[in-house]
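Rule-based calculations on the coordinates, nothing more; no lab input. Worth saying up front: this structure is predicted, and the values here are computed from it rather than measured. Every residue, glycine among them, receives a Cβ derived from its backbone with ideal geometry; neighbour counts consider all protein chains shown.
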Amino acid sequence: MIVKKKLYMVETVSIFRHRYVVKAKEAGHANDEVVMNAIGAYNEDWNEFSQKHVGEDIVSTREITADEYFKIFDEDNDYLKNWTDVEKMQFVNVIDYKDE
């Protein structure tokens with residue numbers, strides 16, 4: 001029996017641990033500087049000490065239609081809107097079931 005494959009949108013959140021070393025009079029001042037320079041606005045003079053990928057968690061999974069795929073593709077990748085449908089479909093990962 002052949003089962004037709006469907007499209008599923010799987011959304012994840014990726015978590016990184018970042019470290020910054022700040023020389024300051026108080027811990028609160030160090031926190032404020034991290035918020036202002038690393039989190040709030042990009043500052044090319046601000047130095048990150050290190051980072052480590054902690055993990056990636058699935059937050060939702062849902063079946064989508066091909067029309068929904070193309071709509072979401074264009075929303076998320078607006079700079080690629082002019083691509084053909086064939087080019088856009090290159091971003092679909094296909095499971096190769098050995099028993100098919």
Of Ile64, Ile15, Asn43, farthest towards positive along the dipole that unit charges on Lys, Arg, Asp, Glu beta carbons give the chain: Ile15
Once exposed loop trypsin sites (Lys or Arg not before Pro) are cut out (DSSP; at most 10 other Cβ, 10 Å), longest piece of the chain: 26-97
Contour minus Cα-Cα distance for Val13 and Met89 (0.36 nm per residue): 25.1 nm
Longest DSSP-loop-exposure-free segment, chymotrypsin sites (Phe, Trp or Tyr not before Pro), the chain, at most 13 other Cβ within 10 Å: 50-96
Computed over the chain, Cα set: Rg, Dmax in Å: 21.1, 70
J(HN,Hα) series, segment 66-73, from Karplus relation 6.51 cos²θ - 1.76 cosθ + 1.60, nearest Hz, glycine and proline x: 4, 4, 5, 4, 5, 5, 5, 4
Within straight-line cross-link reach of Lys98, lysines at Cα separation under 16 Å, skipping those fewer than 8 residues along the same chain: Lys4, Lys5
Net charge of Cβ neighbours under 15 Å - reference Thr12; Lys, Arg +1; Asp, Glu -1: -3
